[in-house]
Amino acid sequence: MCAKILVIEDEEPISQLLAYNLSKEGFTVATSSDGDEAMIAVDESRPDLVLMDWMLPNVSGIELCRQLRSRSETRDIPVIMLTARGEEEDRVRGLDVGADDYVTKPFSMSELVARMRAVLRRTAPMLAGDVATFADIVLDRQLCRVRRGQRDVHLGPTEFRLLDVLMQRPGRVFSREQLLDRVWGEDVYVEIRTVDVHIGRLRKALNRRGDRDPIRTVRSSGYALDDTYSV
Ligand code: CA
């Protein structure tokens with residue numbers, strides 16, 4: 001399961017942008033727009049990491065950070081602060097009260113995600129250890145990250161789960177129905193050929209020119225990771 005992220009940000013467009021992009025990276029995202037409600041949201045969503053805007057109504061980012069650090073249940077939740085440009089002093093104060101890192105607005109999404117992964121690797125190494133490997137492909141369930149060789153592979157959440165299922169049993173042939181149940185859930189009605197569409201996307205993201213395709217299509221049966229494939 002990918003890391004759960006709580007976004008505490010009162011500016012709706014930024015909050016939506018973060019929720020959209022982080023979900024696309026495969027993270028599970030909850031949001032809160034108010035400093036007062038944020039602690040309730042923390043208790044409810046039990047996040048693996050909090051992304052917190054500095055300037056919040058009612059309770060400031062610093063105060064929230066202090067509250068998080070003062071309770072044993074929330075003490076270890078890593079915090080990345082979002083600060084406005086030029087608030088150098090705030091950043092120092094933020095790190096003083098226990099924020100793990102900060103990102104200056106306006107930020108690039110890829111930089112933010114890289115910093116989040118760096119913090120998660122540091123603060124939750126036991127979770128980051130939840131890694132599956134197949135040949136030159138490495139899938140990290142906590143960091144929601146897939147690498148092939150030295151390259152980062154960017155997958156949507158569905159492709160990520162598909163690869164995760166296949167990597168749990170290399171060589172085993174999964175029928176489309178089995179993949180539907182495991183990736184989409186048993187109670188969800190999805191057309192069977194949806195599986196083919198997402199396998200297509202997964203292949204496209206995994207394979208660059210010259211790469212061997214690690215996914216085998218088994219005619220009239222389904223899909224498997226090709227266990228004759230190695231590097
Ligand atoms: Ca704000």
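The values are calculated or read from the model by the stated rules, or taken from the named source; none is laboratory data. What you see is a predicted model, and the numbers here were worked out from it, not measured in a lab. No Cβ is skipped: glycine too gets one built from the backbone with ideal geometry, and neighbour counts run over all protein chains shown.
Tell me which residues, restricted to the range 44-54, are in contact (Cβ under 8 Å) with a residue 40 or more places away in the chain and either assigned to a helix (DSSP H, G or I) or within 11 Å of the ligand (Cβ to nearest atom) (or both).
Result: Ser45, Met52, Asp53, Trp54.
Would the range 77-94 turn up any residue that is in a loop (DSSP other than H, G, I, E, B) and small (Gly, Ala, Ser)?
Yes, that holds for at least one residue.
Can you tell me which residue in the range 64-92 is farthest from Lys4 (Cα to Cα), limited to those that are modelled with pLDDT under 90 and within 16 Å of the ligand (Cβ to nearest atom)?
The qualifying residue farthest from Lys4 (Cα to Cα) is Gly86.
On the given criteria, is Asp34 under 11 Å from Asp10 (Cβ atoms), within 12 Å of the ligand (Cβ to nearest atom), at pLDDT 90 or above and not assigned by TED's automatic domain parsing to the domain that holds Leu143?
Taking the combined requirement at face value, the residue does not satisfy it.
Based on what the data block shows, is Pro57 part of a loop (DSSP other than H, G, I, E, B), within 14 Å of the ligand (Cβ to nearest atom) and not assigned by TED's automatic domain parsing to the domain that holds Leu155?
yes
Of everything in the range 178-218, what is without any contact (Cβ under 8 Å) to a residue 40 or more places away in the chain and among the acidic types (Asp, Glu)? Give them in sequence order.
Residues satisfying the conditions are Asp181, Glu186, Asp187, Glu191, Asp196, Asp213.
Mind checking which pairs have a first residue in the range 13-25 that is over 14 Å from Met52 (Cα atoms) and a second that is assigned to a helix (DSSP H, G or I) and away from the ligand (no atom under 13 Å from the Cβ), Cβ under 6 Å, 6 or more apart or different chains?
Listed by first residue and then by second, the contacts come to Asn21/Met109; Glu25/Val113.
Would you pick out the residues in the range 177-194 that are buried (at least 17 other Cβ atoms within 10 Å of the Cβ) and either in contact with a strand residue (DSSP E or B) (Cβ under 8 Å, 6 or more places away or on another chain) or not in a helix (DSSP H, G or I) (or both)?
Leu179 - this is the single residue of the range 177-194 that is buried (at least 17 other Cβ atoms within 10 Å of the Cβ) and either in contact with a strand residue (DSSP E or B) (Cβ under 8 Å, 6 or more places away or on another chain) or not in a helix (DSSP H, G or I) (or both).
Condition check ((1) more than 19 Å from Leu155 (Cα to Cα); (2) of a type in the set (Gly, Ala, Ser); (3) modelled with pLDDT of 90 or more) across all residues:
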| site | (1), (2), (3) |
| --- | --- |
| Leu180 | no, no, yes |
| Val183 | no, no, yes |
| Asp187 | yes, no, no |
| Val195 | no, no, yes |
| Ala205 | no, yes, yes |
| Arg208 | no, no, yes |
| Pro214 | no, no, yes |
